[in-house]
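Below: the structure, in structure tokens.
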Amino acid sequence: MIQTRSIGEVYDMFIADPRHAWTKRTSIAHGTTRKWVLEAFGADTAIGGITREGCREFVDLLRRMPTHADKRFPDLPFRDVIAAAAARGERRFISPANLNAYINRFGGVMHWAIDEGYIDRNPLKGLKLRDPVKRRDKRKPFSIEQLRRIFAAPIFTGCKDDERGFSVAGPARPRRARFWAPLIALFSGLRMNEICQLEVSDIVKIDGIACFKVATGLNAAGQQKRVKTAASERLVPIHDELARFGFLAFVEAQRIAGEPNLFPDLPLGHLGYRSTALSKWFSRFLVTAKADAPLTCYHSFRHNFRDGLREAKVDRERSLILGGWTTDGKSSAIADNYGSGYPAKVLAEALNSVRFPLLNLDHLSVAVEHREPA
């Protein structure tokens, strides 16, 4: 027998369900979605009274929702935001991808309500919009010219300092997060937050091969380390080029100094991610390096890495393992990355076949940096 509950009651029970393991960012997103749903339908409306027609109207309203509505119209109810945006002649609306994210979160509530016996069908089913932007067109790899400009910037050739003086030429050669994160992304394919949350103990040796250990769990300070998917937990050998640039020596120096975090210069962001500050900085950095271009950002390094695997003719299975990509709806555990056909040596051989022959980074070699002047 279907129980009668209001959408407000069901939504609150859904959010309070202890089975959820949301990050702070996800919790905020669910909070925004809840606010809009309750304002659109009315918190006291019986959940069984939410119709297909009502859901279509909700989707249509979302299509007219301006971007950054929570910041630009913080005190206005859902429908009033849309009316205010229309009155201003607003033309910047949330993307189909973001709109579908709201539908997914609301749809999750409805599926939960079905499981709990409050409704017998999901009136939102099939209402997501087609995204006109193909997935491959949302981000592009950096061009070779962009890569040259990035790694010819003062932070890689000599700067005033790696804080406010990162874009000013000078004698300092600091090698901290802002120096290493782009290089690790290019030569290892790690995502930004995977790099930023690395601990010194996450640099491990497997059969003599130095590797990054990308995994979830609590760090030394009791803070949660996160990955995007289960397939993201993996072992990634450290590229020979990173070793040539002095990365392993940097790791050992951090170990000797007793630093638990590999990059202690990165603060924890307000949503619990160490990548927050680096992400904002890198956007500014691209502009100062004259390397900014449409559809490119930090994540573009990961696309360069994927292209490098293809050009090196690394087989698809090892490519997916190295990049932590999921395929066919399946995920891989960290244990799958080592043993049973793919020992660390085999993965290292595949990884080190990734080269960027048109990109000369000899100036980053430790031997070049430490060479005595004649």
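Key figures for this structure:
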{"item": "Residue match in region 2-19 (condition: modelled with pLDDT under 90, in a helix (DSSP H, G or I) and either farther than 22 Å from E116 by Cβ or open to solvent by 40 Å² or more (accessible area, probe 1.4 Å) (or both))", "result": "no"}
{"item": "Selected residue (only one of L76, L62 is surrounded by 14 or more Cβ atoms within 10 Å (Cβ to Cβ), part of a loop (DSSP other than H, G, I, E, B) and either at pLDDT 90 or above or out of contact with any Phe, Trp or Tyr (no Cβ under 6 Å at 6 or more places or on another chain) (or both))", "result": "L76"}
{"item": "Single residue of K205, K225 found to be surrounded by 14 or more Cβ atoms within 10 Å (Cβ to Cβ) and either more than 21 Å from the chain's Cα centre (by Cα) or free of Cβ contacts under 8 Å to residues at least 60 places away in the same chain (or both)", "result": "K225"}
{"item": "Among residues of region 248-294, those that are out of contact with any strand residue (DSSP E or B) (no Cβ under 9 Å at 6 or more places or on another chain), crowded, with 16+ Cβ neighbours inside 10 Å and part of a helix (DSSP H, G or I), counted", "result": "10"}
{"item": "Filter result for R56 (open to solvent by 80 Å² or more (accessible area, probe 1.4 Å), out of contact with any Lys or Arg (no Cβ under 7 Å at 6 or more places or on another chain), basic (K, R) and more than 21 Å from D120 (Cα to Cα))", "result": "no"}
{"item": "Matching entry among A215, A220 (being open to solvent by 30 Å² or more (accessible area, probe 1.4 Å) and farther than 22 Å from I28 by Cβ)", "result": "A220"}
{"item": "Of the criteria (1) within 25 Å of the chain's Cα centre (by Cα); (2) over 30 Å from T288 (Cα atoms); (3) β-branched (V, I, T), which one I144 fails", "result": "(2)"}
{"item": "Residues (without any contact (Cβ under 8 Å) to a residue 60 or more places away in the chain and exposed (fewer than 13 other Cβ atoms within 10 Å of the Cβ)) located in region 115-124", "result": "D115, R121"}
{"item": "Residue match in region 80-98 (condition: in contact (Cβ under 8 Å) with a residue 40 or more places away in the chain and within 28 Å of E9 (Cβ to Cβ))", "result": "no"}
{"item": "All positions within region 79-88 that are closer than 18 Å to G31 by Cα and open to solvent by 90 Å² or more (accessible area, probe 1.4 Å)", "result": "R79"}
{"item": "Residue that is surrounded by the fewest Cβ atoms within 10 Å (Cβ to Cβ) [pool: residues in region 20-53 that are over 30 Å from G269 (Cβ atoms) and of a type in the set (S, T, N, Q)]", "result": "T51"}
{"item": "Among residues of region 89-104, those that are among the charged types (D, E, K, R), open to solvent by 40 Å² or more (accessible area, probe 1.4 Å) and closer than 12 Å to A69 by Cβ, counted", "result": "1"}
{"item": "Filtered residue count, region 230-247, keeping only those that are open to solvent by 50 Å² or more (accessible area, probe 1.4 Å) and more than 26 Å from H363 (Cβ to Cβ)", "result": "1"}
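The values are calculated or read from the model by the stated rules, or taken from the named source; none is laboratory data. Note that the structure is predicted; figures quoted are calculated from it, not measured. Counting neighbours? That spans all protein chains shown, and the Cβs are built from the backbone with ideal geometry, glycine included. Accessible surface areas use protein heavy atoms only, side chains included; no ligands, DNA or RNA. Shrake-Rupley method; radii C 1.70, N 1.55, O 1.52, S 1.80 Å.
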